[in-house]
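The values are calculated or read from the model by the stated rules, or taken from the named source; none is laboratory data. Just so we're clear, the structure is a prediction, and the values are computed from it rather than from any experiment. Ideal geometry is used to build each Cβ from the backbone, glycine not excepted, and the neighbour counts take in all protein chains shown.
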Amino acid sequence: MSELITNIGELMTQDQDLGTLRDAAVVMEGERIAWVGPAANAPAADTVTDAQGRAVLPGWVDSHTHLVFAGDRTAEFEARMAGESYSAGGIAVSVNATRAASDYDLTRMALGRVAEAVSQGTTYVETKTGYGLDVEHERRSARIASTVADEVTFLGAHLVPAGMDAQEYTDLVCAEMLDAVRPYAQWADVFCETGAFTPEQSRQVLAACRAAGLGLRVHGNQLGPGAGVALAVEFGATSVDHVNFLSDDDVSLLARSWSGWDAVNGSGVRGTVATVLPACDLSTRQPLAPARRLLDAGVQLAIASNCNPGTSYTSSVAFCVTTAVLQMHLSVHEAVRAATYGGALALGRESGLDQDGKRAVGSIAVGHRADFHMLKAPSATHLAYRPGIPLTHAVWRAGAREV
Ligand SMILES: N=CN[C@@H](CCC(=O)O)C(=O)O
Ligand SMILES: [Zn+2]
């Protein structure tokens with residue numbers, strides 16, 4: 001079955017060659033994009049959707065979420081709005097509730113959060129463990145995550161659970177817990193921060209997870225200056241996330257990690273993506289991550305929701321894009337790019353061979369996965385021009401109409 005979407009007012013492909021097209025059309029065949037070009041030249045297809053001049057973008061690629069959790073942290077949020085500062089300690093509240101929840105409830109709630117994200121234009125989702133924090137519950141979180149999300153990250157190193165010695169727990173993460181989650185996860189992450197894991201413990205986690213064949217990510221420089229970025233670059237992590245407190249050295253380390261990358265062709269030696277999390281920055285009242293400075297330095301950028309019960313209880317990537325434009329001084333094109341192509345780059349999924357069964361996501365080009373986000377608006381600019389307005393009109397995920 002093929003489907004043609006025609007009469008697209010603005011098609012922001014985020015593909016280097018195709019750029020942004022007016023009066024455009026796309027054709028999908030099954031889960032694959034089969035044709036992209038001017039509407040006037042579009043081939044026939046089995047079904048036709050008339051976009052009536054609306055804008056179409058790649059679906060959002062949300063490369064940083066924590067969707068497998070139970071419990072409520074409204075009280076912590078209220079306290080923060082009354083002036084208390086965020087500390088990682090609230091994670092323990094979610095751990096207790098998550099351990100107490102049934103498999104059925106955890107799965108149902110995580111699926112509900114994915115559905116909420118898809119209804120707002122997200123078509124590819126990473127999610128993390130990290131509210132289990134013992135071998136049994138981390139395994140369970142990873143298993144459930146693998147049934148609801150496209151990519152799974154092991155975040156056993158999220159917080160040292162109460163009553164455990166930090167080194168003893170780190171050793172557990174690096175051995176038995178890692179073995180338990182390994183069948184379900186593609187990635188490993190560590191929260192390298194005062195109050196979470198020290199640089200030495202983080203190094204131990206990254207080394208063990210790399211040896212186990214997992215790709216690496218780091219939560220770094222969120223609550224203050226620290227070693228997270230330097231460690232991420234040293235270990236060749238695919239992404240370092242948060243990056244609120246960066247020294248000049250951190251920025252140049254990240255920029256240098258991309259010196260072998262051809263940004264025009266999207267090829268070469270990849271560096272470490274800086275993933276900024278605007279909704280989290282607002283909810284924790286942290287200084288906004290310096291996205292403009294990072295882009296200007298030549299760092300590849302991703303924007304993600306960081307949907308989680310503590311610091312960012314939203315799955316709205318559109319909200320993050322709006323904030324990135326209005327508050328972080330990105331152009332609409334840069335912000336949309338960071339939330340589509342950038343998210344794909346942060347998951348190593350920005351390119352893919354037509355024949356390998358794993359299609360590229362995050363940009364619109366022939367052979368890529370047919371993930372489209374049609375707006376109730378004639379251009380992507382409306383995402384920032386009309387903040388807070390739900391602008392999702394239709395969503396196709398791997399060629400299937402979801403909204
Ligand atoms: N920084 C660490 N982890 C989460 C927050 C976890 C929580 O407070 O529940 C984050 O990405 O912000
Ligand atoms: Zn996070």
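Observations
- Qualifying residue in segment 295-302 (condition: modelled with pLDDT of 95 or more, buried (at least 19 other Cβ atoms within 10 Å of the Cβ) and in a helix (DSSP H, G or I)): yes
- Taken as a whole, the condition of being more than 16 Å from ligand 1 (Cβ to nearest atom), under 30 Å from Lys376 (Cβ atoms), surrounded by 19 or more Cβ atoms within 10 Å (Cβ to Cβ) and polar (S, T, N, Q) applies to Thr49.
- Taking residues in segment 83-94 that are within 8 Å of ligand 1 (Cβ to nearest atom), and partners anywhere that are among the hydroxyl-bearing types (Ser, Thr, Tyr), the pairs with Cβ atoms closer than 8 Å and at least 6 places apart or on different chains are Tyr86/Thr284; Tyr86/Thr311; Ile91/Tyr131; Ser94/Tyr131.
- The set of residues from segment 275-294 being touching a His at 6+ places or on another chain (Cβ under 9 Å) and surrounded by 19 or more Cβ atoms within 10 Å (Cβ to Cβ) comprises Thr275, Val276, Leu277, Cys280, Asp281, Gln286, Ala289, Ala291.
- Lone unmet requirement of (1) out of contact with any Cys (no Cβ under 6 Å at 6 or more places or on another chain); (2) crowded, with 20+ Cβ neighbours inside 10 Å for Gly268: (2)
- Of the set (1) free of Cβ contacts under 8 Å to residues at least 40 places away in the same chain; (2) more than 16 Å from ligand 1 (Cβ to nearest atom), all apply to Ser312 but (2).
- Residue in segment 263-271 that is in contact (Cβ under 8 Å) with a residue 60 or more places away in the chain, polar (S, T, N, Q), assigned by TED's automatic domain parsing to the domain that holds Thr98 and within 13 Å of ligand 2 (Cβ to nearest atom) present: no
- Checking each residue in segment 179-192 for being over 19 Å from Thr127 (Cβ atoms), charged (D, E, K, R) and crowded, with 22+ Cβ neighbours inside 10 Å picks out no residue at all.
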